[in-house]
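Here is the structure we will look at, set down as structure tokens.
The values are calculated or read from the model by the stated rules, or taken from the named source; none is laboratory data. This is a predicted model, so every value here is computed, not measured. Here the Cβ positions follow ideal geometry from the backbone for every residue, glycine too, while neighbour counts run over all protein chains shown.
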Amino acid sequence: MTNLTETPLPRRSFLRGHFLNALKTEQVKQQGHNAIRPPWVDLATFSEKCTACSQCVVACEMGILQKGADGYPEVNFSLGRKECSFCQACVNMCEVDLFRPTSEAAWQHKVEIQSSCLTQFSVECRSCEDNCEMRAIRFKREFGRVATPIVNLESCNGCGACLSVCPTQSIQIMYL
């Protein structure tokens, strides 16, 4: 797994001071510097086929799609309802053959819980588990300790529902 926040800092992000955690945007803290494109996008042909028409941004019922700095649509899990419902509205609105079949996995990213999780400090918090519809985040009970979260990567669909509810922003997106 590669942590998106450990990738080299793009020049634009460096000039904006994103090497300092205090100056990072909410989106960069959760998702890293690389843009996450809409679900089912064929990344191999995205830049040559996408016309940046913003039809998918308008169609997104969850409000998580935005026009990125490069003009192309990207996911921002700190906007709208802060998660993807996989409604396929973006796929249906696209006039270009930009998307893979919806029977495939929507994304190649998953989530990872960082060491700043409240459970590491003996504080009981299960907000990520409560918001994970796929039940990919479970808590392992331990005798004499607070239960610790475990992510089942095979169950995680990368919807982002757990990101915004974490009080310490300890969940980040990871690429496999």
Among (1) within 18 Å of the chain's Cα centre (by Cα); (2) crowded, with 19+ Cβ neighbours inside 10 Å; (3) part of a loop (DSSP other than H, G, I, E, B), there is one condition GLN169 misses while meeting the rest; what is its number?
(2)
Picking from ASN92, ASN157, the residue that is part of a loop (DSSP other than H, G, I, E, B) and closer than 23 Å to VAL57 by Cα would be ASN157
Tell me which residues, restricted to the range 69-125, are over 18 Å from the mean Cα position of the chain (by Cα), aromatic (Phe, Trp, Tyr) and farther than 30 Å from THR148 by Cβ.
PHE99
Please tell me if LYS67 is under 30 Å from THR168 (Cα atoms), among the charged types (D, E, K, R), modelled with pLDDT under 95 and out of contact with any Cys (no Cβ under 7 Å at 6 or more places or on another chain).
yes
Check the range 127-135 and report whether any residue there is at pLDDT below 95, in contact with a Phe, Trp or Tyr (Cβ under 7 Å, 6 or more places away or on another chain) and surrounded by 14 or more Cβ atoms within 10 Å (Cβ to Cβ).
no
Within the range 99-154, track down each residue that is aliphatic (A, V, I, L, M) and either assigned to a loop (DSSP other than H, G, I, E, B) or under 20 Å from PRO38 (Cα atoms) (or both).
ALA105, ALA106, VAL111, VAL123, MET134, ALA136, VAL146, ALA147, LEU153
